[in-house]
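Laboratory data are not the source of any read-out in this text; all were calculated from the coordinates shown. What you are looking at is a predicted structure, and each value in this text was computed from that prediction instead of being measured. When we count neighbours, we look across all protein chains shown, and the Cβ atoms used for this are built from the backbone with ideal geometry, even at glycine.
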Amino acid sequence: MTETDFIPKPYSKHIKSGDFKWSSPSNIALVKYWGKKKDQIPENPSISFTLDYCKTTTKLSFSEKENKADFSFDVFLDNEKKDDFKPKIETFFKRVERYLPFLKNYHFKIETSNSFPHSSGIASSASGMSALALCLMSIEKELVHDDLEINFTQKASFLARLGSGSACRSLEGDLVVWGEHVDVYGSSDLFGVKYPFEVHENFKNYQDTILLVDKGEKQVSSTVGHNLMHGHPFAGQRFEQANKNLTDIKSILKSGDLDAFIGLVESEALTLHAMMMTSMPYFILMKPNTLQIINKIWAFRESTGSKVCFTLDAGANVHVLYPENEAGSVLKFIKSELVTFCQKGEYINDKVGFGAKLL
Ligand code: DP6
């Protein structure tokens, strides 16, 4: 597949107005995407668990307009007009216009809400961009009238990627790979694909409790962060390592080897942060409480034999990952020993989910 495969044939139907509503979840990467080339092409393949509870719901209403020279849209978060969201969406529209030639024909009203608090330090770009991409695909499906020439979910993932890279991994579940990799059949730099291999029972219904250590605005935007990998002294080795980790996680997911899973996932999280600490300019996005939590998790594992582990995004919050059969004991541990390190004691209980839904 190439980019041009996503350019549609002229539409056969004319629609004046309508609306679509989708919910789309967030995801948490096990092998991280960090570093991108032009046009949102990742430097290395990544794999993530799709989440279940953390999601964005977006209603997109559209009505035909006279002036077809520019994009026209308004954005609302929880019924409040959000003009500060507009530049990101304008950039997204510009990037996808070639693939959705109807964009300038309509005025759009984008009404969005998140299941998680806006100021939780949880990025809503993956869930938000994937929900918007799906609403736009629903419009295209109507305009085409007959069967789409292209797979709906694949094109939605392709479009979501152009909004935010990790968003292309949010449409399906429970595991999604994005980025071409020799060992993953069908994988592509252009869109996410559902993980096509056998997954051991141990990883079914995996739990993710997100500890909100720092609920503030992101210190480094992801675009700035990814750009720091250009000319980074360890970039080449990092991209190789991610490729190798993707090969390794394939056998781990098949065998159910939780110790190997822990080693790979925690190393990926710390490597992501190591990349930020060793770039120029450099950043430390962990907070003292992030380290406190990591040390507590290691001590708990040591003393109980638990298979709980952590991963991190480009921020201070900690995702605590554990198998379903440990849910009771790990939650008890979280409440008694980790919640004290969360801002206002806040955390979110999530688990692996199965992707976006048309509402
Ligand atoms: C650390 O997808 O937010 O969460 O493509 O610039 O929107 P953009 O970046 P984004 O980067 C996410 C990076 C990460 C790791 C991951 O999810 O793989």
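Relative contact order for the stretch 192-264: what percent, with Cα pairs under 8 Å and sequence separation of 6 or more?
Details: 25 pairs, mean separation 40.5, N = 73.
Relative contact order for the stretch 192-264 comes out at 55 percent.
Lys and Arg at +1, Asp and Glu at -1: add these up for the other residues within a Cβ distance under 12 Å of Val339 and post the number.
Net charge around Val339: +2.
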*Which Cα, out of Thr223, His181, Leu270, lies furthest along the positive dipole direction of the stretch 157-278 (beta carbon charges, K/R +1, D/E -1)?*
Thr223
*Report the extension gain between Glu302 and Leu270 in nm, rounded to one decimal, defined as 0.36 nm multiplied by the number of residues separating them, less their alpha carbon distance.*
9.6 nm
*Find how many whole Å separate the alpha carbon centroid of the stretch 323-340 from the alpha carbon centroid of the stretch 250-267.*
21
*Test item: Cα-centred dipole of the chain, Lys/Arg +1 and Asp/Glu -1 on Cβ, debye*: 560
*Apply 1/(1 + (r/R0)^6) to the Cβ-Cβ distance of Asp19 and Ile41, taking R0 = 22 Å, and write down the FRET efficiency to the nearest 0.05.*
0.10
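Counting only C-alpha contacts under 8 Å and six or more residues apart, can you give the relative contact order of the stretch 264-313 as a whole percent? Let's see the in-between values first.
Values: 28 pairs, mean separation 24.1, N = 50.
Across the stretch 264-313, relative contact order equals 48 percent.
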*Using alpha carbons only, how many degrees (0 to 90, rounded to 10) separate the axis of helix 235-255 from the longest principal axis of the chain?*
80
*Per 10 Å bin, what percent of the C-alpha pairs of the stretch 43-183 does each bin hold, from zero upward?*
11, 41, 35, 12, 1
_Inter-part distance where the stretch 58-109 and the stretch 21-38 are each reduced to a Cα centre, Å_ = 22
*asked:* Starting from the 7 Å offset along Cα-to-Cβ, what nm value, one decimal, do you get for the label separation of Glu346 and Thr91?
replied: 2.5
*Where does the chain land on Rg(C-alpha)/(2.2 N^0.38 Å)?*
0.99
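Sorted by packing (mean other beta-carbon atoms within 10 Å per residue), highest first, where do 133-144, 169-180 land? Don't jump to the answer; show the numbers that get you there.
Working: 133-144: 21.6, 169-180: 25.7.
Per-residue Cβ counts within 10 Å, averaged per peptide and sorted highest first, yield 169-180, 133-144.
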*Give me the distance in nm between label points sitting 7 Å out from Cα along the Cα-to-Cβ direction at Glu217 and Phe71, one decimal.*
2.1
*Which angle between 0 and 90 degrees, to the nearest 10, do you get for helix 86-96 versus the longest principal axis of the chain when only C-alpha atoms count?*
70
*Note the full-extension length gain between Phe234 and Asn205 as 0.36 nm times their separation in residues minus their Cα-Cα distance, in nm to one decimal.*
6.9 nm
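For the chain, what does the relative contact order come out to in percent, with C-alpha contacts under 8 Å and a separation of six or more? Mind dumping the intermediate values first?
Working: 735 pairs, mean separation 85.4, N = 359.
Normalised by residue count, the contact order of the chain is 24 percent.
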*What is the diffusion coefficient of the stretch 11-88 in µm²/s, taking the Kirkwood radius over Cα pairs and the Stokes-Einstein relation at 25 °C with a viscosity of 0.890 mPa s?*
150
*Intensity falloff of the stretch 153-310 expressed as log10 I(q)/I(0), Debye formula with alpha-carbon point scatterers, at q = 0.10, 0.15 Å⁻¹*: -0.44, -1.05
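Per residue and in cubic angstrom, what volume does the convex hull of the Cα atoms of the stretch 280-351 have?
Working: hull volume 7.2 nm³, N = 72.
Spread over its residues, the Cα hull of the stretch 280-351 gives 99 Å³ apiece.
Taking the Cβ-Cβ separation of Lys109 and Glu198 as r and a Förster radius of 41 Å, what is the calculated FRET efficiency to the nearest 0.05?
On the way: r = 44 Å, r/R0 = 1.07.
Given R0 = 41 Å and the Cβ-Cβ separation, E is 0.40.
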*Which translational diffusion coefficient, to the nearest whole µm²/s, is obtained for the stretch 175-239 from the Stokes-Einstein equation, given a Kirkwood hydrodynamic radius over C-alpha pairs, 10 °C and 1.306 mPa s?*
102
